[in-house]
Amino acid sequence: MGRPDPEEGQLPAPVKPPDGGWGWIVLLGCFVITGFSYAFPKAVSVYFKELMKDFHVGYSDTAWISSIMLAMLYGTGPVCSIMVNQFGCRPVMLIGGLLASAGMILASFTTNIIELYLTAGVLTGLGMALNFQPSLIMLGTYFDKRRPLANGLAAAGSPVFLSSLSPLGQVLLEKFGWRGGFLIMGGLLLNCCTCGAVMRPLDMGMKRKMGKAQDKYEAKEMLPIGGKSEEGISTTDGTKKGKKAKKKPKKGKKLLDFSIFSNRGFIIYTISKFILVLGLFVPPILLVNYAKDTGVPDTEAAFLLSIIGFIDIFARPACGMVAGLKWVRPHVAYLFSFSMLFNGLTDICSARASNYTGLVIFCVFFGISYGMVGALQFEVLMAIVGSQKFSSAIGLVLLIEAFAVLIGPPSAGRLVDALKNYEVIFYLAGSEVVLSSLFLGVASYCCLNRGKKEPPPENNPAAGGGSDTEEAESDVQEAEEHSSDNHQLAHSTDNAVVVANEEANHVAEEQRGEGGGCPAGDGEVLARDGCNADQMVERDSF
């Protein structure tokens with residue numbers, strides 16, 4: 001209608017996620033980041049034997065490098081959330097890529113195991129954490145309808161990178177030694193900076209201006225030509241001032257939104273995820289040693305993990321496609337519960353596998369179920385809390401998972417040392433996963449479906465935290481109310497003009513019938529010509 005006034009403030013109008021376009025580049029970056037984050041702590045294990053020889057330490061001492069990386073990846077979740085809400089995703093990812101690369105480069109110059117803990121463990125782990133979480137947040141802002149598929153494709157980065165980084169590390173170890181391998185690995189981690197650079201912030205909307213000039217222009221178009229149009233303009237201005245007076249004061253940006261704990265769905269998800277992590281990672285960690293104890297040769301035992309990884313590559317995107325179906329997506333939490341139940345029953349049923357064929361069958365089904373869990377875990381969380389609060393939610397969830405990671409696998413290892421029986425460990429791990437599945441499914445059905453209906457999460461993306469989005473929503477609501485007022489004013493004005501015309505025609509007919517002959521004109525002319533003042537049309541009131 002009218003041109004905006006540059007002096008007035010701007011109202012951000014939230015834009016729906018594009019579900020494509022530049023989002024595919026963001027998805028590629030998230031694929032790479034996920035691959036590095038999950039596969040790198042496992043891939044560095046190929047250097048452990050050389051580290052044991054150079055530093056004269058045991059296997060448990062070198063294994064702490066991977067453990068510290070994973071602890072930093074999970075335990076620094078709230079720190080990542082605060083940084084993302086304060087500075088945005090792209091700057092945090094750029095800093096994280098530099099830290100991850102610097103950690104491995106500095107690790108190549110270390111002289112003892114403690115220095116390795118601080119460089120390759122703490123510094124690199126922190127850098128990967130600062131990349132992993134923001135990449136998932138950006139993925140949620142660029143995809144909505146295709147988000148399950150996008151999450152599945154991004155999650156496939158973990159098995160793809162694991163199957164490529166481990167052989168690459170072995171080649172680098174043979175040609176350049178562990179120091180040269182660490183140096184080159186540090187250079188590869190600089191690709192995280194490239195992935196961070198492509199995470200272009202998605203604008204919340206095309207900026208709209210509700211300026212004074214636009215209001216006047218619209219009022220002049222809607223109101224009848226005449227002096228009384230100024231009254232409409234002043235009325236519009238008064239309405240605008242009244243709306244501004246009622247506008248809520250701006251809230252400060254929340255660094256970490258703890259209000260998500262009031263969401264029952266989030267509480268259920270967090271508890272079930274904690275129980276899940278206690279047993280989810282135990283079977284793949286103990287699988288190779290379990291196979292060796294049953295008489296399987298070393299090469300064939302190591303190949304079992306390759307089978308899991310190969311199946312996992314295809315299971316994650318396939319599960320993402322299924323989760324994106326119209327009749328499946330509203331019930332994605334139950335699909336996630338089924339995938340956990342599938343994984344737990346696989347562990348329990350394979351506990352008595354005593355030959356290589358039985359272990360291969362276990363790896364096939366475990367790879368499918370493990371891929372389903374990996375593809376759905378963050379999709380379910382996004383569906384529960386929405387993209388606005390996802391940055392805070394994922395940080396808190398990862399922190400809680402960090403405790404489970406530090407409890408589950410180490411406890412399983414101690415039980416193996418004490419009992420010398422892998423069968424009990426598989427039963428225990430499978431039971432924990434099944435318990436988490438049943439808790440998620442039953443609690444979701446009883447507490448959410450039969451209880452008070454939760455309002456659907458907002459789909460408006462906001463990579464910078466929930467407070468900015470709430471402010472934007474209030475501004476948009478104000479704009480809509482203001483627009484509705486203008487429409488009501490225009491509607492009432494049109495009705496008034498119609499009534500005025502009818503009254504004028506009626507008065508003119510009466511005058512012609514009486515022979516009064518009052519001339520047609522406005523109210524002032526009629527009064528001067530001596531006509532009765534009651535005959536004046538009430539147009540002045542409009």
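Looking at Leu126, Leu162, Leu118 in this structure, which one is open to solvent by 50 Å² or more (accessible area, probe 1.4 Å), closer than 17 Å to Phe36 by Cα and assigned to a helix (DSSP H, G or I)?
Values: Leu126 fails: open to solvent by 50 Å² or more (accessible area, probe 1.4 Å); Leu118 fails: closer than 17 Å to Phe36 by Cα.
After ruling out the rest, the residue left standing is Leu162.
Scanning segment 368-396 for residues that are within 15 Å of Val433 (Cα to Cα) and aromatic (Phe, Trp, Tyr) returns a single hit, Tyr370.
Of all residues in segment 347-372, which are of a type in the set (D, E, K, R) and open to solvent by 10 Å² or more (accessible area, probe 1.4 Å)?
Applying the first criterion (of a type in the set (D, E, K, R)) to segment 347-372 yields 347, 352.
The answer is Arg352, and nothing else.
Only one of Ala383, Ala375 is open to solvent by 20 Å² or more (accessible area, probe 1.4 Å), assigned to a helix (DSSP H, G or I), small (Gly, Ala, Ser) and touching a residue at least 60 places away in the same chain (Cβ under 8 Å). Can you tell me which?
It is Ala383.
Here Met340 fulfils each of the conditions (1) closer than 15 Å to Ala429 by Cα; (2) open to solvent by 30 Å² or more (accessible area, probe 1.4 Å) apart from (2).
Please determine whether any residue of segment 387-404 is small (Gly, Ala, Ser), modelled with pLDDT under 80 and open to solvent by 20 Å² or more (accessible area, probe 1.4 Å). No.
Restricting segment 165-186 to residues that are over 34 Å from the mean Cα position of the chain (by Cα) and free of Cβ contacts under 8 Å to residues at least 40 places away in the same chain, the residue that is least open to solvent (accessible area, probe 1.4 Å) is Leu172. Just one of the listed residues (Leu448, Leu440) is surrounded by 14 or more Cβ atoms within 10 Å (Cβ to Cβ), under 26 Å from Tyr38 (Cβ atoms) and at pLDDT 50 or above, namely Leu440. For segment 290-310, the tally of residues that are open to solvent by 40 Å² or more (accessible area, probe 1.4 Å) and either of a type outside the set (D, E, K, R) or not assigned by the TED database to the domain that holds Asp417 (or both) stands at 9. Within segment 314-334, residues that are over 17 Å from Leu27 (Cβ atoms) and in a helix (DSSP H, G or I) reach partners that are open to solvent by less than 30 Å² (accessible area, probe 1.4 Å) and among the β-branched types (Val, Ile, Thr) with beta carbons closer than 7 Å, at six or more positions or on different chains, in the pairs Val322/Val328; Val332/Val380; Ala333/Val380.
Any residue at all in segment 143-162 that is of a type in the set (Val, Ile, Thr), farther than 30 Å from Gly324 by Cβ and more than 18 Å from the chain's Cα centre (by Cα)? Scanning segment 143-162 turns up no residue that is of a type in the set (Val, Ile, Thr), farther than 30 Å from Gly324 by Cβ and more than 18 Å from the chain's Cα centre (by Cα).
Within segment 57-95, the residues that satisfy the criterion of being open to solvent by less than 30 Å² (accessible area, probe 1.4 Å) and hydroxyl-bearing (Ser, Thr, Tyr) are Thr62, Ser66, Tyr74, Thr76, Ser81.
Only one residue in Met104, Met52 is at pLDDT 85 or above and surrounded by fewer than 22 Cβ atoms within 10 Å (Cβ to Cβ), so which one is that? Outline the logic, then answer.
Values: Met104 fails: surrounded by fewer than 22 Cβ atoms within 10 Å (Cβ to Cβ).
Going through Met104, Met52 in turn, the sole match is Met52.
The values are calculated or read from the model by the stated rules, or taken from the named source; none is laboratory data. The structure presented is a predicted model; accordingly, all values stated were derived computationally and were not measured. For neighbour counting, all protein chains shown are included, and Cβ atoms are generated from backbone atoms with ideal geometry for every residue, glycine included. For the accessible areas, the whole protein counts, side chains as well, though only heavy atoms, and no ligand, DNA or RNA atoms are used. Shrake-Rupley method; radii C 1.70, N 1.55, O 1.52, S 1.80 Å.
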